[in-house]
Amino acid sequence: MSMKLAAVAGLRAALPAILAVATAVIVQRGLIAAEPGASLGDVVAIDVLLHPDETMLAAAAKANAALRGDYPAGFALDELHTPHISMVQRFVRSDDLQRVEQALGRVFAKTDPTTLELEAIGYYSLPVGDLGLAGIVVRPTPDLRKLQEEIIAVVEPFAVEGTGAAFAPSPDGAAIAPSIVAYVNGYVPKRSGKNFNPHVTVGLGTEPFVARMIAAPFARFQFKLTGASVYHLGNYGTAAVKLWSPPERGNVE
């Protein structure tokens, strides 16, 4: 009996650690949203993003399949690489996340992104070593530009310089690309305002293949949005772990 009691006591003692590991795995796989500050370092790379509808998701999946046919080592669009439109990517202190989210909640309470009508107009790429990080370009409408301005206005007071340690770890253990760290550090002003280039990242490919994608005729299409979120950024600027989504309209703190 004493051995059984000892075993039960040992299990009880280990239970918090077991639950912590299980929760970390579930969050990393995107099955639940991470709590602010959970499993995060002092500084976290965040992406305030918009979720495209099924029309854009289908186009992104098709492009991703083509890119992976060219470069099989590239990433798939899945729960760790959520297709999205970035409005701003910044490094912030994890202790400030709740204040950032509350401020963003007020922005999205005023402007509902699901009312925006958008158009995909072509492909673009960002050099990553000898590869191209390809994306579907979205026309930057006045309403989309205004929303970016409002988002940046509430996030920028919390922005700090960051390093690769602020990103969600890559599932394959790969180091965070230095060009992506520089991209986030310089997002404002290099990717904002008149430099805003809204897009949906669709994958990695060799430079010649991506160049052919960009040069080929592109069938433009209309699409809408289904919502907004804050994500923990992964390698290559992917949306890796959901941290927050706005509360229902009319229920903002």
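Across segment 28-59, which residue is nearest to residue 169 (Cα to Cα) among those that are modelled with pLDDT under 50 and either buried (at least 18 other Cβ atoms within 10 Å of the Cβ) or among the basic types (Lys, Arg) (or both)?
Taking segment 28-59 as the starting set, the residues that turn out to be modelled with pLDDT under 50 are 28-38.
Pick out the ones that are also either buried (at least 18 other Cβ atoms within 10 Å of the Cβ) or among the basic types (Lys, Arg) (or both) and you get 28-30, 34, 36.
Values: 28: 9, 29: 12, 30: 13, 34: 15, 36: 17 Å.
Residue satisfying both the conditions and the ranking: 28.
Inside segment 98-115, can you point out the residues that are crowded, with 16+ Cβ neighbours inside 10 Å, touching a strand residue (DSSP E or B) at 6+ places or on another chain (Cβ under 8 Å) and of a type outside the set (Asp, Glu)?
100, 104, 108, 113
Hey, among 177, 166, which residue is assigned by TED's automatic domain parsing to the domain that holds residue 79, touching a residue at least 12 places away in the same chain (Cβ under 8 Å) and either polar (S, T, N, Q) or buried (at least 22 other Cβ atoms within 10 Å of the Cβ) (or both)? Before the answer, list the steps.
Values: 177 fails: either polar (S, T, N, Q) or buried (at least 22 other Cβ atoms within 10 Å of the Cβ) (or both).
Criteria check complete, one pass: 166.
The values are calculated or read from the model by the stated rules, or taken from the named source; none is laboratory data. Only a predicted model underlies this, so the values are computations on that prediction, with no experimental measurement involved. Cβ atoms come from the backbone with ideal geometry, glycine included; neighbour counts cover every protein chain shown.
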